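Enquirer: Structure in structure tokens, see below.
The values are calculated or read from the model by the stated rules, or taken from the named source; none is laboratory data. Given the structure is predicted, the values throughout are model-derived calculations rather than measurements. Note that each Cβ is placed from the backbone with ideal geometry, even for glycine, and that neighbours are counted across all protein chains shown. Each accessible area value is taken on the protein alone, full model and side chains, heavy atoms only, with ligands, DNA and RNA left out. Shrake-Rupley method; radii C 1.70, N 1.55, O 1.52, S 1.80 Å.
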Amino acid sequence: MLAASASETTKSGVQRVDVAVVGAGFAGLYLLHRLRKAGLSAVALDAASDVGGTWYWNRYPGARCDIQTIDYSYTFDPELESAWKWSEKYATQPEILRYLGFVADRYDLRRDIRFGTKVTNATWDGAAERWLLTTNSGATVSCRYYIMATGCLSSPKPPEIDGVSDFKGEVYFTGRWPHEEVKLAGKRVAVIGTGSSGIQAIPLIAEQAAHLTVFQRTPSFAIPAQNGPPPADRVALLKSDRASYRAQARDSLAGVPWPQSTVVSWQLSDAERRERFETAWAAGDLVYILTQLWADQGVDFEGNAVLADLVREKIREIVKNPETAAALTPHDHPFGAKRPCLDTNYYATYNRPNVTLVNLRQEPIKSITASGIKTDKRTADLDVIVFATGFDAMTGAIMAVHPITGRGGKSLSDVWTHGPQTYLGLTVAGFPNLFMITGPGSPSVLSNMAVSIEQHVDWVVDRLIAMREAGFTTIEATEMAQAGWAQHMADCSTLTLHRLANTWYTGANVPGKAQGVMPYPGGVGPYRSICNEVVSHNMLGFRLTGPNGAEQCNDGQIVRLQPDVRLVLNMLADMKLPPLECFGAQGARDFLAAFNAARPAGRPVGDVVDGTLPVTGGSLPYRLYRPATPGPHPILVYFHGGGWVLGDQVSDEPFCRDMCRRSGMIFVSVGYRHAPEHRFPTAAEDGYAATRWIAEHAADLGGKPGPVMVAGWSAGANVAAVTCQLARDRGGPQISGQLLVCPVTDCTFDRPSYNDNATGYFLTRSLMFWFWDLYCSPADRTDPRVSPLRGKLQGLPPAFVATCEFDPLRDEGVAYAEAMAAAGVPVEQLKARGHFHMSLTMVDVVITGVSGRVQMADALRRFAGLPSAWREGDVGFRPSQVVAPHEIASAAE
Ligand code: N01
């Protein structure tokens, strides 16, 4: 271990250190320990009189952690883990505070902490490359690096109710609870606020008070903690292999080692869902109920609604008065979109005769008077008011140690006027050598904070060590990297349901605060891997400078893929599959069949019918998907992907089901014949013949007679495009619209997308060459029946062309759309940013493809002359709710 470099005090009384840290809670303590071990001198400044951070201030009755304590602990030192034993599954605030004191003592950290000290000003001195801090005590600190370990929920928000200062009784804030005992016995007490703090405090206050009146504006979902000793099975699991238990937590989504649930709600029966829910209710664990029931509950409105309804049922069961139960039941947000609470006897407390619930939605508070609280309908006479009204979260604590003035006199409050801008939630462009631990833009409050804090502290201190070794003295995020992170944050936000609730996660609880999901919703494990990628890509997105003009800047955007696409591609890369073309045609078909067998078929539709249809020289199998709505429905003929070599009428089943449901149309997926057994032009001719037969038999198939539509993906989109040209030239059938998803349209391989995305995105350049070779000899390749871009494009049906950014076929799809538009065909384009060739059809895994499918289905309905399928209430799917919509350009204009 390196000896710590000494902190020195200059003649003018300025303390000079390598690093100044604000905060002596979980993050500040670990930082001090790591910095000291790294040989960096450090001081921590904290307004409190002792260590503890949030656990120093939040001393209200019932305050506990809501992540199991064995997980809510430091993991950096196995000896520390053995030296401390938690007494409860969810430890109380005093026990957690004792733990933090124990850690401070064990590593002798208090000697580097200045308690009772608030930073009042921080200014970057570019010439000296140091931050200068002034404090409320008058003492000044000069530091090379300034680290905010200020916590996410440390700055209580004002109650925003008139007359608080008129009240003559006692007033308490849960976030600033007195250190002395607060006596509530025999008193008339009010609690305002029913978030986690209120819900923990209310049952205990009700036991003491003569009467408790709870003023509730918005009900929260709460599940019972089922507290007790730490669960034996979890402790045994931890003890059996501590290192792998902790490693799993670090790579998980929420920072707690539960395996990822893969089953989705609609694959389970009602009884199975109920059984899973009852197990979760009995388990008393927020992370468990948020991650283990079914995989779609956090990302899909319908999957979430199933769980929310089951919790609502529990509330009605527990609370005896139906009116009170109804008032306590949340209906305005999906379960988990607002932080759910963990309670002990919360709902049952409302069955006590000394507890009254006031529903502020029906009778808002008019004012607080000298003797109590007045609403539209009543006056409550009170001795005590407890404000459990929450925090100015994520940014409030950082802003509380303002002004922070960065390079060129830039103020952080100005830079953050429209919401926090950060790179990785760790740094801000324009503020060199400033770091935030669990800042906005990092997983922080959507994770087990202990795990996220350790990851941030380790990353920051490792960077400081690396900079020292490389001779750099400043580090700053670039604007491009920061803008890229904002884009990635927005992409992640479309993935989860957090954007659908007004909460402190989005800044909605503080009047006038800029709105947007502040914590990183992409998960702890993915986030960790991104931070590591930044380092392995030569500190991508950071500018580092040192003496004598030394400078390094690898500028760029760390994540350009959609978050779920990144996960899928990483998973595929981890599988280290040989190139598909190595298997041979039959081997590749077998591989695809095995791949598809492991995948859920998709959501239920009204009816699924298999059949065959005749073509010259044989017959083709088809599978028909009928919507559950009353018919007859318009008919769409669908052609699967697979490079004219692979796949069949069921290989795109999830996509067909999804589109059938969304568009309200019959999808007939056709098993056209494949190469190399049936080379060009068999697929094209099969496609045309099948479309003609289906159009002629529309009524027999239960569809609407008249024009049909065609659609396809990849080589199937090639077949669909060709079918439209053949139908135009051969006198029918009538086609009212074409949906082309990532189509093959041309035999030229020199467009940029073929080179930019040649490898790494599943469909490779060499795989496309292999497909072409199996299907079509070079002499035939310019034939419009395989390269429709070379055909006549006038008079084709209206088209919707979807292309994906990271797809070799992207540019030929765009070229086809543009050429059709130039030929007078009405064309809409969807350019799916951050997506790859399979994104839009991988219905079960690429959730960010939903908005694309919504747009495609709506286009199909327009082709069929039907009204839009978006309904009021389909909040999850309305484009206005999508934070980062795909770029749509109407090339037809
Ligand atoms: O704060 P909150 P909290 N008039 O913002 C209401 C963590 N934590 O301190 O929703 C009337 O959740 C407000 O109503 P509304 C945890 O992450 C953890 O309870 O804005 N009511 C809401 O009901 C948690 O999520 C633990 O309509 C007003 C309540 O006050 C986070 O801290 C324990 C109002 C505030 O709820 C914050 O929880 C405690 C007004 N003017 C907290 N203003 C653990 O277990 C606000 N409200 C680890």
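Enquirer: Against the condition within 16 Å of the ligand (Cβ to nearest atom) and touching a Ser or Thr at 6+ places or on another chain (Cβ under 6 Å), how does THR356 come out, does it pass?
Expert: Judged against the criteria, THR356 is a match.
Enquirer: Hey, another quick one. Mind telling me which of the residues GLY647, GLY642, GLY671 ends up being surrounded by fewer than 23 Cβ atoms within 10 Å (Cβ to Cβ), at pLDDT 95 or above and at positive phi?
Expert: Criteria check complete, one pass: GLY642.
Enquirer: Here is a further query. Filter segment 484-530 down to the residues that are open to solvent by 10 Å² or more (accessible area, probe 1.4 Å), charged (D, E, K, R) and in a helix (DSSP H, G or I) and list them by number.
Expert: ARG499, ARG528
Enquirer: Looking only at segment 531-569, count every residue that is basic (Lys, Arg) and open to solvent by less than 30 Å² (accessible area, probe 1.4 Å) and tell me the total.
Expert: The number of residues fulfilling the criteria is 1.
Enquirer: How about segment 1-107: which helices (runs of 4 or more DSSP H) wholly inside it have at least 3 residues that are within 32 Å of the chain's Cα centre (by Cα) and within 16 Å of the ligand (Cβ to nearest atom)?
Expert: 54-57, 93-106
Enquirer: Separate question: Among (1) more than 30 Å from LEU32 (Cα to Cα); (2) open to solvent by less than 10 Å² (accessible area, probe 1.4 Å), where does CYS152 come up short?
Expert: The one condition CYS152 does not meet is (1).
Enquirer: Picking from ALA486, ALA508, ALA490, ALA481, which residue would you name as being of a type in the set (A, V, I, L, M), within 21 Å of the chain's Cα centre (by Cα) and within 11 Å of the ligand (Cβ to nearest atom)?
Expert: Matching residue, one of ALA486, ALA508, ALA490, ALA481: ALA508.
Here is a yes/no grid of residues against (1) within 17 Å of ASP383 (Cβ to Cβ); (2) within 16 Å of the ligand (Cβ to nearest atom); (3) open to solvent by less than 50 Å² (accessible area, probe 1.4 Å):
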| residue | (1), (2), (3) |
| --- | --- |
| LEU109 | no, no, yes |
| LYS118 | no, no, no |
| ARG130 | no, no, yes |
| GLY138 | no, no, no |
| GLY163 | yes, yes, yes |
| PRO178 | yes, no, yes |
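Yes/no per residue for (1) open to solvent by 30 Å² or more (accessible area, probe 1.4 Å); (2) within 25 Å of GLY643 (Cβ to Cβ); (3) more than 32 Å from the chain's Cα centre (by Cα):
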position	(1), (2), (3)
THR803	no, yes, no
TYR816	no, yes, yes
MET820	no, yes, yes
VAL825	no, no, yes
LEU830	no, yes, no
THR841	no, yes, no
VAL846	no, yes, no
ALA857	no, no, no
GLY865	yes, no, yes
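Enquirer: Now for a separate question. Would you mind finding the one in SER663, SER619 that is of a type outside the set (Lys, Arg), modelled with pLDDT of 95 or more and within 31 Å of the chain's Cα centre (by Cα)?
Expert: SER663
Enquirer: Just one of the numbered conditions (1) touching a helix residue (DSSP H, G or I) at 6+ places or on another chain (Cβ under 8 Å); (2) not in a loop (DSSP other than H, G, I, E, B) is not true of VAL141; which one?
Expert: With (1) touching a helix residue (DSSP H, G or I) at 6+ places or on another chain (Cβ under 8 Å); (2) not in a loop (DSSP other than H, G, I, E, B) applied to VAL141, the lone miss is (1).
Enquirer: Ok, one more. Would you check which residues across segment 191-208 are more than 11 Å from the ligand (Cβ to nearest atom) and surrounded by 24 or more Cβ atoms within 10 Å (Cβ to Cβ) and list them?
Expert: ILE205
Enquirer: While we're here: Looking only at segment 407-424, which residues are out of contact with any helix residue (DSSP H, G or I) (no Cβ under 7 Å at 6 or more places or on another chain) and not aromatic (Phe, Trp, Tyr)?
Expert: ARG407, GLY408, GLY409, LYS410, SER411, LEU412, ASP414, VAL415, THR417, HIS418, GLY419, PRO420
Enquirer: State yes or no: is GLY151 within 15 Å of the ligand (Cβ to nearest atom), part of a loop (DSSP other than H, G, I, E, B), within 29 Å of GLU454 (Cα to Cα) and in contact with a helix residue (DSSP H, G or I) (Cβ under 8 Å, 6 or more places away or on another chain)?
Expert: Yes: the conditions hold for GLY151.
Enquirer: If you don't mind, there's one more thing I want to ask. For GLU454, only one of the following conditions fails: (1) away from the ligand (no atom under 16 Å from the Cβ); (2) in contact (Cβ under 8 Å) with a residue 60 or more places away in the chain; (3) touching a strand residue (DSSP E or B) at 6+ places or on another chain (Cβ under 7 Å). What is its number?
Expert: GLU454 satisfies every listed condition except (3).
Enquirer: Under 7 Å between Cβ atoms, at least 6 apart or on separate chains: pull out the pairs that start in segment 144-165 with a residue that is β-branched (Val, Ile, Thr) and end on any residue that is in a loop (DSSP other than H, G, I, E, B).
Expert: Within 7 Å, the pairs are ILE147/ILE437; THR150/GLY23; THR150/VAL401.
Enquirer: Scan segment 7-22 and report the pairs whose first residue is under 26 Å from THR54 (Cα atoms) and whose second residue is of a type in the set (Gly, Ala, Ser) and in a loop (DSSP other than H, G, I, E, B), with Cβ atoms within less than 7 Å and a gap of 6+ or a chain change.
Expert: VAL17/SER7; VAL17/SER41; ASP18/SER5; ASP18/SER41; VAL21/ALA149; VAL22/ALA149
Enquirer: Out of ARG217, ARG250, which single residue is under 17 Å from TYR72 (Cα atoms) and either in contact with an Asp or Glu (Cβ under 9 Å, 6 or more places away or on another chain) or not hydroxyl-bearing (Ser, Thr, Tyr) (or both)?
Expert: ARG250
Enquirer: What number of residues in segment 725-735 are at negative phi and either out of contact with any helix residue (DSSP H, G or I) (no Cβ under 8 Å at 6 or more places or on another chain) or in a strand (DSSP E or B) (or both)?
Expert: The total comes to 3.
Enquirer: Moving on to the next point. Quick test for you: out of VAL256, VAL287, VAL214, VAL264, pick the one residue that is open to solvent by less than 60 Å² (accessible area, probe 1.4 Å), in contact (Cβ under 8 Å) with a residue 24 or more places away in the chain and away from the ligand (no atom under 16 Å from the Cβ).
Expert: Answer to the selection: VAL264.
Enquirer: Being within 10 Å of the ligand (Cβ to nearest atom) and open to solvent by 40 Å² or more (accessible area, probe 1.4 Å) is the filter; apply it to segment 325-349 and report the residue that is farthest from ALA201 (Cα to Cα).
Expert: Top of the filtered list is ASP332.
Enquirer: Also, I was wondering about something else. Among the numbered conditions (1) open to solvent by 50 Å² or more (accessible area, probe 1.4 Å); (2) under 30 Å from HIS837 (Cα atoms), tell me where THR616 comes up short.
Expert: (2)
Enquirer: Pick from segment 382-399 the residues that are more than 16 Å from the ligand (Cβ to nearest atom) and of a type in the set (A, V, I, L, M): which of them is farthest from ARG339 (Cα to Cα)?
Expert: Per the criteria, the residue is VAL384.
Enquirer: Could you tell me whether segment 301-318 includes any residue that is of a type outside the set (Gly, Ala, Ser), under 18 Å from TRP281 (Cα atoms) and not in a helix (DSSP H, G or I)?
Expert: no
Enquirer: OK, next. How many residues does segment 365-388 contain that are open to solvent by 30 Å² or more (accessible area, probe 1.4 Å) and in a loop (DSSP other than H, G, I, E, B)?
Expert: Looking only at that region, the number is 7.
Enquirer: Looking at (1) open to solvent by 10 Å² or more (accessible area, probe 1.4 Å); (2) farther than 24 Å from VAL319 by Cβ; (3) of a type outside the set (Asp, Glu), which is the only condition TRP294 fails?
Expert: Unmet condition: (1).
Enquirer: So which of LYS183, LYS168 ends up being open to solvent by 30 Å² or more (accessible area, probe 1.4 Å) and farther than 30 Å from GLY52 by Cα?
Expert: Matching residue, one of LYS183, LYS168: LYS168.
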